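Take a look at the structure set out below.
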Amino acid sequence: MSENINELFERYKETGDISLRNEIAEKYLYIADILAKKFVGRGVEYDDLKQVASYALLRGIDRFDPSLGMQFTTFITPTITGEIKNYFRDKSRLVKLPRRLGEVSAAVKKFSADYEAKNGVKPSVKTIADELSVSEEDVIRALEVGNALSLDSMATNADGETDKSLYSLLANGEDAYDTFETKESLFAAMRDFTDTEKALLKFRYTDELSQSETAKRLGVSQMFVSRMERKLLMRLKERLKDSI
């Protein structure tokens, strides 16, 4: 089955044929169903959770690279789980936000999802701002509120190109994450990181704090966090490239 799946992924990457993506999705919808049911009883209907999980599955299919040697089930389980957790967090935050920011955040998230589903890529800040007739600053604030850097976001290299998912570099130890294959490799790769560097990664990708909040916790500037984060991800990517 793995060879057949990898062939489907390779064909989809080459052609972008939506029917191939749907064929792959059908084989793994059971994972979305299992994970959606896991979060039932927390104030959100199952149908809504299944929709979030299914959309995360489609996004995961678009981002998965079989050439990395990772099983898709290993990749997609934490990806879907992270997206469901983001959904709960976003709902909680929107209740507490100023009304206008909450409305902009909801509009940005909906437009971004629709745009990505239609075009296969995320819209730029300018595209969102033009479409919603709001300022780019408002879009950035809305994305910050919506936690744009979720666990299934893509790490970028020095040229700004997307690479492996951040989750493939950083996994915590709860629930489905226990089985993630790079856990021990990650710990080894971080063995010589300073306490500050480890804290920065924890705040950003385990606690999922914004760069500005991380900067406050560390007592440094947001620019420092941004630059340090990029350097650390590049170091991790280099050290883990033979392990993932």
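The values are calculated or read from the model by the stated rules, or taken from the named source; none is laboratory data. For clarity, every value in this text was computed on a predicted model and none was experimentally measured. Methodologically, a virtual Cβ is constructed for each residue, glycine included, from the backbone with ideal geometry; neighbour enumeration extends over all protein chains shown.
Quick one: how many residues across the range 128-147 are modelled with pLDDT of 80 or more and not in a helix (DSSP H, G or I)?
3
Tell me which residues, restricted to the range 96-111, are outside any loop (DSSP other than H, G, I, E, B), surrounded by 13 or more Cβ atoms within 10 Å (Cβ to Cβ) and modelled with pLDDT under 85.
Answer for the range 96-111, where residues must be outside any loop (DSSP other than H, G, I, E, B), surrounded by 13 or more Cβ atoms within 10 Å (Cβ to Cβ) and modelled with pLDDT under 85: Leu101, Gly102, Glu103, Val104, Ser105, Ala106, Lys109.
Does Lys85 qualify as being in contact with a Leu (Cβ under 9 Å, 6 or more places away or on another chain), closer than 30 Å to Phe187 by Cα and at pLDDT 70 or above?
Answer is yes for this residue.
Would you check if Val225 is among the aliphatic types (A, V, I, L, M) and under 20 Å from the mean Cα position of the chain (by Cα)? Don't jump to the end; show me each part of the working.
On the way: among the aliphatic types (A, V, I, L, M): yes; under 20 Å from the mean Cα position of the chain (by Cα): yes.
It is true that Val225 is among the aliphatic types (A, V, I, L, M) and under 20 Å from the mean Cα position of the chain (by Cα).
From the list Thr77, Thr15, which residue is at pLDDT below 90 and polar (S, T, N, Q)?
Residue meeting the stated conditions: Thr15.
So if I check each of Leu35, Leu49, Leu57, Leu20, which one is outside the structural domain of Ser112 (by TED's automatic domain parsing), under 15 Å from Ala117 (Cβ atoms) and surrounded by 17 or more Cβ atoms within 10 Å (Cβ to Cβ)?
Leu57
Collect the residues in the range 130-144 that are under 22 Å from the mean Cα position of the chain (by Cα) and of a type in the set (A, V, I, L, M), keeping them in residue-number order.
Selection gives Val139, Ile140, Ala142, Leu143.
Give, as residue ranges, the helices (runs of 4 or more DSSP H) completely inside the range 2-89 that count at least 3 residues that are polar (S, T, N, Q) and farther than 21 Å from Gly120 by Cα.
none
Can you name the condition, by its number, that Glu213 falls short on among (1) under 30 Å from Ser67 (Cα atoms); (2) of a type in the set (D, E, K, R); (3) part of a helix (DSSP H, G or I)?
(1)
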